[in-house]
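A short worksheet on the structure shown next.
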Amino acid sequence: MATARTLVVDRSETVEETITALEAEGWDPTVAESVSEAAARLRSLRFDAVVTEHRLPDGDAFDVLERIRAVEETVPVVVYTAHGDERVAGQAVAADIAAYVRKAAGPDRLCETLTDVTVTDHVTGAVGVPELPAGALVRALEEAPVGVTISDPTLPDSPVVYANPAYRELTGYDEEFVLGRSHDYLEGPDTAASAIAELERAREDPVVVEMLNYREDGDPFWNRVEAGPIRDDGELAFVLRVHTDVTERRERESRAQQRVAALRDERESLERVLGRTSELVGDVAEILAGTTERADVERQVCEAIVARDGFTHAVFGEFPSVENTVTVQASAGAGGTVETRETDLSGTLFARAREQGTVEVSSATDQLPSRLAPDRFGAASVAVVPLVYGRTTYGLVAIYTEGSESLDRRETLVLQAIGRLIASGLNAAEAKQVLRADRVTELGVDIADPSFPPVELAGNAGAPVEFEATTRGEEDSLRLFLTLGVSPEEATAAIEQADSVAEGTVLAGQNGSTAVSIEPAAPGALDELAEYGATIRALSVDGPGDPARLIVDAPPEGDVRALVSVLEEYYDETDLVRQQDREREPRPTTEITSAIDAALTERQYTALETAYRSNYFETPRPVSGKELAQTMDIARQTYHQHLRTAQQKILETLFEQ
């Protein structure tokens, strides 16, 4: 029974009868009611036969034929019509239509005709195919790009009776050796017994295995063997094997598996590192946020370290003035505390950590002071973490660890960051100490370098320069308020000529002097002084050719040498001329100043300070509100609004206090 897909082009009343008859005979009919719909069907589906009525809404059977031949030249077309005559039948034959059937003959006749035209075409095509000669099959095997062997399972050990050239090239064995032997010469010490057993099943069913085989020269290779039975009248006659070298693919897979395993190990290691060090970062940050006394910071940091798995002991040390020594300030963990006294570090990783500013991990060759050696605390190694902030080294933390592999490169990087975090916290504590302390260390430094803005301005103006104050402008830029001993016009010219000034504004002139506000082109040195907790108390230049005398107040226990080195790096001809501890001058209470800082916005603070530094509140006023507004690049009305609001907030804060 036919199973061809058939396109039926018909919209007459008899189309349902036609469809029913075709389905009953096993045809697979698809209906189109017009030429255009038939064309659309032909573009999307492939049909084995077409049945069409002659008369259609938008054409006739010959239009359908034309559309069919545009996409398919061989599909048979049958005209099945109730409106034809001998003339139409003749035209159909002339147009190469396969058959012409009148509907009066009935749908059974249509089905018979379809069977005739489709079977005839198929048989005619099959008859035209020549039989493949046996010699061609042999040549195909001989020239195949993969190894092929045929063995005879009816003989003992199933010897190979055929091996093509590709197989001989793959294995390195010549034909004389291969023929008459079983395949076991390919096996070696690492050939899997399970693969050999699986190939035995090829006598019954096709199998595929990948196994390690060996070439004639002893080199191993991965062999993909596809094997199956060849039967003759149902009886097993031969076993065919196709051999493909898949060594390169297996090596790629092995490398990929190794990478996956390495990534898994890396992930587990990273989870271990992050598991304890990330928590330690949080612990240290919490300690620094809640503790202001250095001794408490040292003790609590040591306790936080030993609370983490893998860390047995921790020692917090400071570097005194004696070179290559450390004074233990705090310790915690197994083995008890370490007594507070100086220890010589010469030639040890403690000295290396201090000199290089990097985390150093002990090795078997390191010589360590006995009171700081790992074995004293039941540890396998020690990591020395320097506490470095800017140019100052505040000390070290020695972290003792379990196991020789308990620290890796990533963990030392995290510990380095923890060291910087601790040093930053100690620096901030020192800065607060300066603000709270009754005593400060006063440093006097002479700077003759003309790239220092006050020195250059004194030279350009030919007059003395006095420091008034510092403030922060837009985007946190540093600004200096200075007084130049010249007229406003001369001060403007001096600023314009100064390479060390990025931007300057003349604020007001009075009694032969001019108040100015400048932004240094390179404020790095003054910014770094602030990071060390130092504040500028005075700054003056007597005149052209004279050095600037800079007076700063520093923390009483700060690193004086580091402060001076900051200035020396930025400016030549820098000399420390004075260092003394003194009582801090009286100042407003911290509560009031903090309340004022909190009440004022940055714009309000700048407007108020600019007015104060410009003597705006004196009578007569040396400068107008419009001029001060121009220094802030705002309108006069906006400036006065900021100024009045700032004054009101200060008075409210003062009287509330």
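The values are calculated or read from the model by the stated rules, or taken from the named source; none is laboratory data. None of these values were measured; they are calculated from a predicted model. Cβ coordinates were reconstructed from backbone atoms using ideal geometry, including for glycine residues, and neighbour counts include every protein chain displayed. When the accessible area is computed, the model is the full protein with side chains, heavy atoms only, and any ligands, DNA or RNA have been set aside. Shrake-Rupley method; radii C 1.70, N 1.55, O 1.52, S 1.80 Å.
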Quick calc, Val281 & Thr358: beta-carbon distance into FRET formula, R0 22 Å, rounding 0.05, result 0.75
Just to be sure I understand the model, the point goes 7 Å from the Cα along the line to the Cβ. What's the resulting Asp217 to Thr327 distance in nm? 7.4 nm
Solvent-accessible area per residue for the range 511-553 (1.4 angstrom probe, square angstrom): 37 Å²
So, in Å, what gap is there between the alpha-carbon centers of the range 348-418 and the range 141-167? 68 Å
What is the angle, in °, between the Cα long axis of helix 409-436 and the longest principal axis of the Cα atoms in the chain? Nearest 10 is fine, range 0 to 90. 30 degrees
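Rounded to the nearest percent, how much of the accessible area of the range 435-519 (1.4 Å probe, protein heavy atoms only) is carbon and sulfur?
Exposed carbon and sulfur together represent 45 percent of the surface.
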Helix-derived mean residue ellipticity, 222 nm - over the chain, DSSP H n ≥ 4, -39500 (n - 2.57), to 500: -13000 deg cm²/dmol
Using Cα atoms only, what is the angle between the long axis of helix 61-71 and the major principal axis of the chain, expressed in degrees (0 to 90) to the nearest 10? 50 degrees
Leaving out ligands, DNA and RNA, what percent of the accessible area of the range 14-117 is carbon and sulfur, probe 1.4 Å? 45 percent
Taking 0.36 nm per intervening residue step and subtracting the Cα-Cα distance, what contour gain separates Asp184 from Leu155 on full extension? 8.9 nm
Here the gain from full extension of Ala261 to Glu303, 0.36 nm per residue of separation minus their alpha-carbon distance, amounts to 11.5 nm
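According to the square roots a ≥ b ≥ c of the eigenvalues of the Cα gyration tensor, what is the shape class of the chain, taking rounded for a/c under 1.5, prolate for a/b larger than b/c otherwise, and oblate for the remainder?
It is oblate, given that a/c is not under 1.5 and a/b is not larger than b/c.
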In nm, the gap between the two label points placed 7 Å beyond Cα toward Cβ at Thr619 and Ala538 is 3.3 nm
Can you work out the FRET efficiency for the pair Ala192 and Glu142, with r the C-beta to C-beta distance and R0 = 22 Å, to the nearest 0.05? 0.10
Label-point separation (nm) for Thr292 and Arg11, each offset 7 Å from Cα along Cα-to-Cβ? 9.6 nm
Once both axes come from the Cα atoms, what is the angle between helix 294-306 and the longest principal axis of the chain, in degrees from 0 to 90, rounded to 10? 20 degrees
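Figure the gain on full extension for Thr247 and Ser44 (residue separation times 0.36 nm, minus the Cα-Cα span) and round it to one decimal in nm.
Numbers: separation 203, 0.36 × 203 = 73.08 nm, distance 4.52 nm.
Value of the extension gain: 68.6 nm.
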